1. Compute the length gained on full extension between ILE67 and GLU47: take 0.36 nm times their separation in residues and subtract their Cα-Cα distance, giving the result in nm to one decimal.
2. Out of every Cα pair in the chain, what percent are spaced more than 19 Å from each other?
3. Can you give me the distance in nm between label points at HIS38 and GLN59, each placed 7 Å from the Cα along the Cα-to-Cβ direction?
Amino acid sequence: MSVNNELRRQVIAIYKELLYLGREYPLGYNNYFRPRLHKAFMARAAETDEDKIRTGIKQAEYVKKEIEAL
């Protein structure tokens, strides 16, 4: 598996994890959390620099920990 495929797999996995965690988000899932998460990921969808993708994954992991703390 190439590095690109591995990064893609990681991005999809963290996106799914965040969607799952967002179901219990206090401000609402369908009207608040899901659209904002989608917008945040789509803003970087065209990114091809592997270092920037890794940085984005680290930021998503941080957000995941913050959501779990709620």
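Each reported figure results from applying straightforward, stated rules to the coordinates on display, with no laboratory input. In this text the structure is predicted, and so the values were computed from the model without any measurement. Using ideal geometry, Cβ is built from the backbone for each residue, glycine included, and neighbour counts are taken over all protein chains shown.
1. 4.7 nm
2. More than 19 Å apart: 32 percent of the Cα pairs in the chain.
3. Between HIS38 and GLN59, the label points sit 2.0 nm apart.
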